[in-house]
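Q: The structure that follows is given in the form of structure tokens.
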Amino acid sequence: SNARVFLHVDEYNASGVLLRGGTASSVQAGEAAVWTQLTGTYVTGASCAYVDVSLRFTDLGPAGGSAGATLWADNVQVWDQTAVGNGGAAPGQPMPYCELRFPASPAQLVVSGLLGDLPAPAHLAWGTYLASLPTGGSLTYAVARAAGLNPNAVLTAPGLGYYGPTFTPTAVPQLDATAYGGYYEKATVTNGGWNPRAFSPLSSDAPGVYHVLSRYRTQDASPTLVQVRAKVEQTLLPWFQSVDTNGTVGIYYGPYVNPLAAGGVWTVADAGQLRLPPFTAGALTDGTKTYLVPRAEWVGSTGGGAEGDANWLALLPVDGSLLLGTFNNPSNGPAAVTAQYLWVYHDGLLTNRAGVDDGPAWTYSLEAVASPSPGHGAGGPGTSTSGSLNINVGADPALVLDPGLATAGNASGPANVLVGFVADNTGAVLPLLTEVSYSPLYLYPR
């Protein structure tokens, strides 16, 4: 009867140092039989670069009054009211939700409130902070939009090994401040395989076509012989199936590939393509009654085994709009890129004008701040020995946003879900900052 819940905010500077904290709101209530939304306003102070939101539960007494109590907490949203004005939009209009900047990639990006009637090319600026990209270094990146929209889709997450004795191999989590999520998991990987997991959605949660990306490191004596493939199970229970039941109702797996060039170094590997759900469903099939477990399956080169380390997994959609590329600082370049923001611009805004020089463009700039400056954009393709910084792109020429993707009850209207990542040639976890400029297209009947 004396339970109290605080909505607490901590502020950090750009270096991650705690500056201050405070309470946005609190509620005192006894046992709650229904979900209760907690809202509040918090004003940040000087030098605040990041905020961390948490729930704090306390009991005013008597001592032990809440012993054995169970607490549930769900999702959180944070709005910068100074950036969007009073209420976020004109009176009576909803506030679009755009989640486009992340301290680490991979990231699931969201753009809502799109206008227009037709899919239209957009201008995508993505950036990352480079403490040091030496000569001979490179970046790989991808930003992709899913062809559908489902609010339950989770497409990026840190991996999880199996930590109990029932299945082999047994994984061990390792704290690592440089890893995605602050940890990675390791296991002794033999030619029997290892299946770290990151997702277990309902079969109806994320329909589409994806490539399975995995951040992985091996200590195998023959790293180029280490294999990986994309695999998905359709099951009656989430995550892991009991060893004494037939809980798996279907398995799909693709061909093995050998993506590792060396041992002892992190690599962002493409395990291959999956379709979710993996098999065609019947008219009476209920996608909320089964689960999917998509992942990358790693296989060592020998039966004796060697340490394998796994970190994040991402489902990169390839059925909507896909941008990918490589940024090179050539080995014969003038210097390392140090303490600067790299911004890459994929500009499709003039595509529909169809002039001689109106095709899509991709350029880059180096900036001192975390804001894009497309007016500085320049540069073109090259190689690792071209002598100057260069960018090479593939897949689609520009990002295409689709204003026709919406869900029932979505007050902000159409929304697009994207997945993006950027990593250097040592597989380091880097931040991902994006901005989108969009010129809506309209179809007028004549």
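The values are calculated or read from the model by the stated rules, or taken from the named source; none is laboratory data. If you're wondering where the values come from, they're calculated on a predicted model, not measured in any experiment. Note that each Cβ is placed from the backbone with ideal geometry, even for glycine, and that neighbours are counted across all protein chains shown. Heads up: the accessible areas ignore ligands, DNA and RNA and are worked out on the full protein's heavy atoms, side chains in. Shrake-Rupley method; radii C 1.70, N 1.55, O 1.52, S 1.80 Å.
Q: Of all residues in region 262-280, count the ones that are assigned to a loop (DSSP other than H, G, I, E, B), touching a residue at least 40 places away in the same chain (Cβ under 8 Å) and of a type in the set (Gly, Ala, Ser). Walk me through how you get there before you give the answer.
A: Residues of region 262-280 assigned to a loop (DSSP other than H, G, I, E, B): 262-266, 277-280.
Then keep just the ones that are touching a residue at least 40 places away in the same chain (Cβ under 8 Å); that gives 263-266, 277-279.
Checking which are of a type in the set (Gly, Ala, Ser) leaves us with 263-264.
Here the count works out to 2.
Q: Of all residues in region 200-234, count the ones that are assigned to a helix (DSSP H, G or I) and either among the aliphatic types (A, V, I, L, M) or within 20 Å of the chain's Cα centre (by Cα) (or both). If you could, list the steps in order and put the result at the bottom.
A: Here is the first cut: in region 200-234, the ones assigned to a helix (DSSP H, G or I) are 223-225.
Filter once more, so that each one left must be either among the aliphatic types (A, V, I, L, M) or within 20 Å of the chain's Cα centre (by Cα) (or both): 225.
Total satisfying the criteria: 1.
Q: Taking region 171-194, which residues are hydroxyl-bearing (Ser, Thr, Tyr) and part of a strand (DSSP E or B)?
A: Hits for region 171-194 are TYR183, TYR184, THR188.
Q: Across region 243-261, what is the total count of residues that are among the aliphatic types (A, V, I, L, M), within 26 Å of ALA142 (Cα to Cα) and part of a strand (DSSP E or B)? So that I can check it myself, show each step before the final result.
A: Let us first name the residues in region 243-261 that are among the aliphatic types (A, V, I, L, M), namely 243, 249, 251, 257, 260-261.
Filter once more, so that each one left must be within 26 Å of ALA142 (Cα to Cα): 257, 260-261.
Next, from what is left, pick out any that are part of a strand (DSSP E or B): 257.
Total meeting the criteria: 1.
Q: Take the residues in region 292-320 that are polar (S, T, N, Q) and open to solvent by 10 Å² or more (accessible area, probe 1.4 Å), then tell me which one is modelled with the lowest pLDDT. So that I can check it myself, show each step before the final result.
A: The first filter runs over region 292-320 and keeps only residues polar (S, T, N, Q), leaving 301-302, 311.
Then drop every residue that is not open to solvent by 10 Å² or more (accessible area, probe 1.4 Å), which leaves 301-302.
Values: SER301: 93, THR302: 90.
The selected residue is THR302.
Q: Look through TYR364, TYR341, TYR345 and report the one residue that is touching a helix residue (DSSP H, G or I) at 6+ places or on another chain (Cβ under 6 Å) and closer than 19 Å to PHE421 by Cβ. Walk me through how you get there before you give the answer.
A: Values: TYR364 fails: touching a helix residue (DSSP H, G or I) at 6+ places or on another chain (Cβ under 6 Å); TYR341 fails: touching a helix residue (DSSP H, G or I) at 6+ places or on another chain (Cβ under 6 Å).
Checking each option against the conditions leaves just TYR345.
Q: Sticking with this one: Residues of region 342-361 being assigned to a strand (DSSP E or B) and open to solvent by 50 Å² or more (accessible area, probe 1.4 Å), which ones? Let's see the steps before the verdict.
A: Going through region 342-361, the residues assigned to a strand (DSSP E or B) turn out to be 342-347, 361.
ASP347 - this is the single residue of region 342-361 that is assigned to a strand (DSSP E or B) and open to solvent by 50 Å² or more (accessible area, probe 1.4 Å).
Q: Can you name the residue in region 1-38 that is in a loop (DSSP other than H, G, I, E, B) and touching a residue at least 40 places away in the same chain (Cβ under 8 Å) and, of all such residues, is least open to solvent (accessible area, probe 1.4 Å)?
A: So in region 1-38, the residues in a loop (DSSP other than H, G, I, E, B) come out as 1-2, 13-17, 29-38.
Retained after the next criterion (residues that are touching a residue at least 40 places away in the same chain (Cβ under 8 Å)): 1-2.
Details: SER1: 121, ASN2: 47 Å².
That would be ASN2.
Q: Can I ask one more? Given the criteria of a type in the set (Val, Ile, Thr) and open to solvent by less than 40 Å² (accessible area, probe 1.4 Å), does VAL257 qualify?
A: Numbers: of a type in the set (Val, Ile, Thr): yes; open to solvent by less than 40 Å² (accessible area, probe 1.4 Å): no.
Taking the combined requirement at face value, the residue does not satisfy it.
Q: Does ALA336 satisfy the criteria of being open to solvent by less than 20 Å² (accessible area, probe 1.4 Å), under 30 Å from TYR184 (Cα atoms) and of a type in the set (Gly, Ala, Ser)?
A: On the way: open to solvent by less than 20 Å² (accessible area, probe 1.4 Å): no; under 30 Å from TYR184 (Cα atoms): yes; of a type in the set (Gly, Ala, Ser): yes.
In short, no.
Q: Out of (1) in contact with a strand residue (DSSP E or B) (Cβ under 7 Å, 6 or more places away or on another chain); (2) at pLDDT below 95, the odd one out for LYS231 is which?
A: (2)
Q: Still on this structure, please answer the following. Would you confirm whether any residue within region 118-136 is buried (at least 19 other Cβ atoms within 10 Å of the Cβ) and polar (S, T, N, Q)?
A: There is at least one residue in region 118-136 that is buried (at least 19 other Cβ atoms within 10 Å of the Cβ) and polar (S, T, N, Q).
Q: Still on this structure, please answer the following. Conditions: (1) modelled with pLDDT of 80 or more; (2) in contact with a Gly (Cβ under 9 Å, 6 or more places away or on another chain). THR41 meets all but one. Number of the miss?
A: The failed condition is (2).
Q: Report, ordered by the first and then the second residue, all pairs with beta carbons closer than 9 Å, sequence separation of six or more or different chains, a first member in region 170-196 that is more than 23 Å from GLY300 (Cα to Cα), and a second member that is open to solvent by 70 Å² or more (accessible area, probe 1.4 Å) and not hydroxyl-bearing (Ser, Thr, Tyr).
A: Here the result reads GLY182/LEU175, each pair linking region 170-196 to a residue that is open to solvent by 70 Å² or more (accessible area, probe 1.4 Å) and not hydroxyl-bearing (Ser, Thr, Tyr).
A quick yes/no check of all residues on (1) in contact with an Asp or Glu (Cβ under 8 Å, 6 or more places away or on another chain); (2) part of a loop (DSSP other than H, G, I, E, B); (3) without any contact (Cβ under 8 Å) to a residue 24 or more places away in the chain; (4) not hydroxyl-bearing (Ser, Thr, Tyr):
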residue	(1), (2), (3), (4)
TRP298	no, no, no, yes
LEU313	no, no, no, yes
LEU323	yes, no, no, yes
ASN332	no, yes, no, yes
LEU366	no, no, no, yes
THR383	no, yes, no, no
ILE391	no, no, no, yes
PRO403	yes, yes, no, yes
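Q: Follow-up question, since we're still on this one. Determine which single condition THR41 fails, assuming it passes every other condition in (1) closer than 28 Å to GLY65 by Cα; (2) in a loop (DSSP other than H, G, I, E, B).
A: Answer for THR41: the failing condition is (1).
Q: Determine the pairs where a residue that is outside any strand (DSSP E or B), located within region 95-112, has a partner that is among the acidic types (Asp, Glu) and at pLDDT below 90 with Cβ atoms under 9 Å apart, the partner being 6 or more residues away or on another chain.
A: Short answer, once both residue conditions are applied: none.
Q: Can you name the number of the only condition in (1) modelled with pLDDT of 95 or more; (2) crowded, with 17+ Cβ neighbours inside 10 Å; (3) part of a loop (DSSP other than H, G, I, E, B) that PHE240 fails?
A: Against the list (1) modelled with pLDDT of 95 or more; (2) crowded, with 17+ Cβ neighbours inside 10 Å; (3) part of a loop (DSSP other than H, G, I, E, B), PHE240 comes up short only on (1).
Q: Confirm whether LEU284 is of a type outside the set (Phe, Trp, Tyr) and in a strand (DSSP E or B). Steps first, please.
A: Working: of a type outside the set (Phe, Trp, Tyr): yes; in a strand (DSSP E or B): no.
Criteria not met by LEU284.
Q: ALA179: more than 25 Å from VAL318 (Cα to Cα) and buried (at least 18 other Cβ atoms within 10 Å of the Cβ), yes or no? Spell out the reasoning first.
A: Details: more than 25 Å from VAL318 (Cα to Cα): yes; buried (at least 18 other Cβ atoms within 10 Å of the Cβ): yes.
In short, yes.
Q: SER54 versus (1) open to solvent by 50 Å² or more (accessible area, probe 1.4 Å); (2) within 27 Å of the chain's Cα centre (by Cα): which is the lone unmet condition?
A: (1)
Q: Is it the case, given these coordinates, that THR302 is hydroxyl-bearing (Ser, Thr, Tyr), free of Cβ contacts under 8 Å to residues at least 60 places away in the same chain and either outside any strand (DSSP E or B) or over 17 Å from ALA144 (Cβ atoms) (or both)?
A: Values: hydroxyl-bearing (Ser, Thr, Tyr): yes; free of Cβ contacts under 8 Å to residues at least 60 places away in the same chain: no; either outside any strand (DSSP E or B) or over 17 Å from ALA144 (Cβ atoms) (or both): yes.
So THR302 does not fit the description; no.
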